[in-house]
Amino acid sequence: MRRGRWLISFRSASLVYRQALTPAVDNVTLTIPDGQMLSVVGANGSGKSTLGRLMNGLLLPTSGVVEVDGVSTAQPDGVRLSRSRVGMVFQNPDSGIVSASVEEDVAFVLENRAMPQPRMRRRVDEVLELVGLSTRKRTHPLDLTTSERALLGLAAAVAGEPRYLILDEATAYLDAADRRSLLSAVDRIHCATGMAVILITHLMEEALTTGRVLVMQDGRIVFDGTPRDLFADAVRARSWRLELPFALQVAQELRDRGLDLGPEATEPGALADVLCRL
């Protein structure tokens, strides 16, 4: 497992879309070290998806610097390097389907890198086992369930062994059970490889699963800290148009009625445990 050798960094980075009156990302300075798991949250239009696309070279800053492992994305080989080291999983899993079988779809990324066939087959099998699709490798991707197609998108993103993985609203089309399945696979990958994971999400329950949370508003990072610190001030969180996680909503209502459940009631399972002990 890699530890602390690499990072993504922003130095006063901004991006202004053509004909836009204000920046989508505005003067952001940020570092994301290798191996970290963090979430990026904010209201629609806050700039969180643009931030993710700057990380892997899909977009280039109009001012300032974005670097991946010490190389600016604006350098001649910067885009190639950033896209090879920063994998992305997008909202619509069908948008990345390019082949007639699951294994061919995962292999497509590796073929573009001219990986030798024996090594490619081993890598495809490893990744499909990791995400739980090893029994479906000869299935046409469009015959998969929505949940399985999301896992296929994840497998394709990590096949090339990136150092960083961005999930840009990747659970948006999934129900609660399928979200848990995808995030469990992400957790397995994180534990097995040590790659950094950046979870861009509008679901605050997902933000609770990471050790670090960034809140974006009007293109700027207005909070950088732990989920507990973020949700300790419910008024501030709501001012950023963030909904409290369900468990915290219940805990807040009980606290307003004179029953303080303490800081451990931050997610449904913990909340249920606390209530059962009363």
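The values are calculated or read from the model by the stated rules, or taken from the named source; none is laboratory data. Small disclaimer: the values here were computed from a predicted structure and weren't measured. Backbone-built Cβ (ideal geometry, glycine too); neighbour counts: all protein chains shown.
Details
- Verdict on Asp175 being more than 13 Å from the chain's Cα centre (by Cα), among the acidic types (Asp, Glu) and in the same structural domain as Lys48 (by TED's automatic domain parsing): yes
- In the set (1) more than 19 Å from Ala24 (Cβ to Cβ); (2) in contact (Cβ under 8 Å) with a residue 24 or more places away in the chain, the condition left unmet by Thr201 is number (1).
- The numbered conditions (1) under 23 Å from Pro227 (Cβ atoms); (2) touching a residue at least 24 places away in the same chain (Cβ under 8 Å); (3) part of a loop (DSSP other than H, G, I, E, B); (4) among the small types (Gly, Ala, Ser) are all true for Gly45 except (2).
- Taking every residue in region 1-26 that is part of a strand (DSSP E or B) and pairing it with any residue that is modelled with pLDDT under 95 and surrounded by fewer than 20 Cβ atoms within 10 Å (Cβ to Cβ), at least 6 positions away or on another chain, the pairs with Cβ-Cβ distances below 6 Å are Leu7/Pro33.
- Residue check for Glu148: acidic (Asp, Glu), under 25 Å from Val68 (Cα atoms) and crowded, with 18+ Cβ neighbours inside 10 Å: no
- Filtered residue count, region 161-177, keeping only those that are hydroxyl-bearing (Ser, Thr, Tyr) and either in a loop (DSSP other than H, G, I, E, B) or surrounded by fewer than 23 Cβ atoms within 10 Å (Cβ to Cβ) (or both): 2
- Hey, Arg11 at pLDDT 95 or above, among the basic types (Lys, Arg) and crowded, with 17+ Cβ neighbours inside 10 Å or not: no
- If you go through region 85-105 and pick out every residue that is in a helix (DSSP H, G or I) and aromatic (Phe, Trp, Tyr), you end up with 0.
- At least 3 residues being more than 26 Å from Tyr173 (Cα to Cα) and more than 15 Å from the chain's Cα centre (by Cα) is the threshold, and among the strands (runs of 3 or more DSSP E) wholly inside region 184-251 those reaching it are 220-225.
- Looking across Gly153, Gly78, Gly64, one residue alone is buried (at least 23 other Cβ atoms within 10 Å of the Cβ), closer than 27 Å to Leu7 by Cα and of a type outside the set (D, E, K, R). It is Gly153.
- Every residue from region 109-119 that is farther than 24 Å from Cys191 by Cβ and either not acidic (Asp, Glu) or not assigned by TED's automatic domain parsing to the domain that holds Ala185 (or both): Asn112, Arg113, Ala114, Met115, Pro116, Gln117, Pro118
- Checklist (1) under 19 Å from Ile97 (Cα atoms); (2) part of a helix (DSSP H, G or I); (3) in contact (Cβ under 8 Å) with a residue 24 or more places away in the chain applied to Ser181, failing item: (1)
- The listed residues are Ser84, Ser101, and the only one of them that is over 29 Å from Pro227 (Cβ atoms), modelled with pLDDT under 95 and under 18 Å from the mean Cα position of the chain (by Cα) turns out to be Ser84.
- Meets criteria (surrounded by fewer than 20 Cβ atoms within 10 Å (Cβ to Cβ), among the basic types (Lys, Arg) and touching a Ser or Thr at 6+ places or on another chain (Cβ under 9 Å)) for Arg122: no
- If you filter region 125-141 down to residues that are under 24 Å from Arg179 (Cβ atoms), in contact (Cβ under 8 Å) with a residue 12 or more places away in the chain and within 24 Å of the chain's Cα centre (by Cα), you find that the one that is surrounded by the most Cβ atoms within 10 Å (Cβ to Cβ) is Val127.
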